[in-house]
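Single-structure report; data block below.
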Amino acid sequence: MSDVTIVSAPGKVLLTGGYLVLDPAYSGLVVATSSRFYSIVRTRSTTSAPSAATAHIVVRSPQFQDAVWEYAVGCNDPAHIDVQPVHSDGGRNKFVEIALQRTLSLIGAMNGEMKPSQIFNGSRSLDIVIVGDNDFYSQRRALEALSLPATMLSLDKIEPFASQNTPISEVHKTGLGSSAALITSLVTALLRHFQLSPELDLIHNMAQYVHCFAQGKVGSGFDVCSAVKGSQVYKRFDEKVLRGLMDKTKVTGQEILETVTPSSLWTTRSIPIALPPNIRLVLADVDAGSDTPSLVGKVLKWRKENPEYANKLWSDLNSVNQLVEQQLRSLSRLAEVRPEEYQSTMRTASRRAGTAANTVGDETSRTLRKLSETLQAVRKLMKQMGEASGVPIEPDEQTRLLDACLKIPGVIGGGVPGAGGYDAIYLLIAEGDSSSQEQGEGCDTISQVEILWQNWKELSVCPLTSRADAGGLEFIDNMDSVKGLRKVLDSI
Ligand SMILES: Nc1ncnc2c1ncn2[C@@H]1O[C@H](COP(=O)(O)OP(=O)(O)O)[C@@H](O)[C@H]1O
Ligand SMILES: C[C@@](O)(CCOP(=O)(O)OP(=O)(O)O)CC(=O)O
């Protein structure tokens, strides 16, 4: 067992494929974010375990009030590793509890029916800290407290992993997929802490199982898959593969191992994708919020009741979603094979509104223009889905906001990510010169977007600092490479 293990997993933004991705016939284009969840697992030398228990685990989420959960790992039956909550100020944390119980069971089985006492090898005490980057939670209150305007520059002034001054149950999430990133980082950190480095597909399958079981349903799983593997075009697995385990409250490590071991039963398809150079993803949290499961329930019910209309809509959306993917890939290729043409087009595009007529031009400008048009077509069809099913997927308030954003020079396109609703918007922005943008110079589009958002009256719109990031799971050897992490750990 190592002394400290740190694993991080990214958040997600589903650019296209909302609702369609629930059906294995269709894909979703998901971009992983630079915002991450971190799970830090430390072995404690103290032997504070309750006498009957093999080991004692303390889990803390220092960003929240009353977020300390303690567990006794008990019983020497290697088939059923027991993780009992022994004390908690903040009530039970089902997600953490299930992740611990199922992952320790898997670790036991992967080591050949090892007992908890052998897994812990006499150390008896484990200390786990979970933190998420600030973007996972709305920072409006923190900005107000600092009397700062809602801009990315202001958000950078908030200390990393800032305290939310609330219990987890009351926090305002921004929709980046906190529970998927949490489960994925925690499951992986536990496996690694106990010296297991299974292939990524096993980690993926395990994280999917734990997340589905904690949620009490098998969702599409694009959030877990991108937390493991990063930005990708995702097709879901057949939910049958988890059916056996989903019905059982008590499972053996061996049953888990058999289910999560990669096999042809796992039909997940994950093809990596990255945003092309000089195209930046910009996100905003909209304060109204929506409840994804209730939107999903209504849309699926409507689809079932109106198969003809819905199938045509699904097929049309699938075509434009695939076009978005192709156009992004074409732009990435053009950036490589025609770098000068590409850079010059991006410079021009950074000064021009995305949907504005751009009749002349080289292949890069034509492709970029087509991408703008396709993103508009996706919006139109998603709005149509919402109107037909009576669900506010792109509600009129969001339509007005997005239309206003699209008039700003440099904005290529945008939409409502994932299930839509009042949660968030995303924009794709052309950057003239990425090196100067990094330094915060000449970022005219972003400034104009931020001014628009600050003055927007109909909805409260707050930018996020997250960017697109191709990567998935990360193993962190040097905790000082993550700004603010040591300070959080030292303060506990
Ligand atoms: N920072 C955290 N520390 C511990 N548990 C967390 C944390 N963030 C989320 N969780 C767990 O995940 C659950 C949130 O799940 P859910 O509301 O489905 O999130 P999401 O919409 O982000 O997927 C919480 O109830 C809690 O159990
Ligand atoms: C409708 C969906 O296809 C996409 C939902 O994506 P979101 O990104 O909106 O999800 P939340 O993290 O729950 O807010 C449902 C699904 O694929 O599970």
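Nothing in this text is a laboratory measurement; each read-out follows from the coordinates by a stated rule. None of the values given here were measured: they were computed from a predicted structure. Because the Cβ atoms are built from the backbone with ideal geometry, glycine has one as well, and the counts that use them run over all protein chains shown.
Here is how the numbers come out for the structure above:
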quantity	calculated
Net lengthening on full extension, Gln384/Asp316 (0.36 nm per residue, minus Cα-Cα)	23.4 nm
C-alpha long axis of helix 444-455 to longest principal axis of the chain, angle in °	80
The chain - mean residue ellipticity at 222 nm from DSSP helices (-39,500 (n - 2.57) per run, n ≥ 4, rounded to 500)	-13000 deg cm²/dmol
Debye intensity ratio I(q)/I(0), log10, region 207-314, q values 0.16, 0.20 Å⁻¹ (C-alpha model)	-1.01, -1.23
Label-point separation in nm, Ser491 to Gln448, each point 7 Å along Cα→Cβ	3.9
Principal axes of the chain: Cα extent on each, largest first, Å	75, 53, 44
Inter-probe distance in nm under a simple model that places probes 7 Å from Cα toward Cβ, at Glu258 and Asn111	2.3
Among 23-34, 58-69, 416-427, the order from most to least packed when residues are scored by Cβ within 10 Å on average	416-427, 23-34, 58-69
Region 274-398 - Kirkwood radius from inverse mean 1/r over Cα pairs (Å)	16.6
For region 54-140, alpha-carbon Rg over 2.2 N^0.38 Å	1.21
Extension gain from Arg366 to Glu170, taking 0.36 nm per residue of separation minus the Cα-Cα distance	65.9 nm
Mean separation of Cα contacts under 8 Å (6+ apart) over length of the chain, as relative contact order %	22
Exceeding the 25 Å Cα-Cα cut-off - candidates Lys173/Lys487; Lys248/Lys298; Lys217/Lys301; Lys12/Lys312; Lys250/Lys301	Lys248/Lys298; Lys12/Lys312; Lys250/Lys301
Diffusion coefficient, µm² s⁻¹, Stokes-Einstein with Kirkwood Rh over alpha-carbon pairs of region 129-173 at 25 °C and 0.890 mPa s	223
Note, ³J(HN,Hα) from phi for region 55-69, Karplus 6.51, -1.76, 1.60, rounded to Hz, x at Gly and Pro	8, 10, 10, 10, 10, 10, 10, x, 6, 10, 6, 6, 10, 10, 10
Potential lengthening between Glu340 and Ser45 on full extension [0.36 nm per residue; Cα-Cα distance subtracted]	100.3 nm
Rounded tilt (10° steps) of 94-110 against the dominant C-alpha axis of the chain	60
Nearest 10 degrees, 0 to 90: helix 178-193 Cα axis against the chain principal axis	40
Global size of region 82-189 as Cα Rg and Dmax, reported in angstrom	18.0, 57
Dimensionless Rg ratio for region 369-492, taking C-alpha atoms and the 2.2 N^0.38 Å reference	1.31
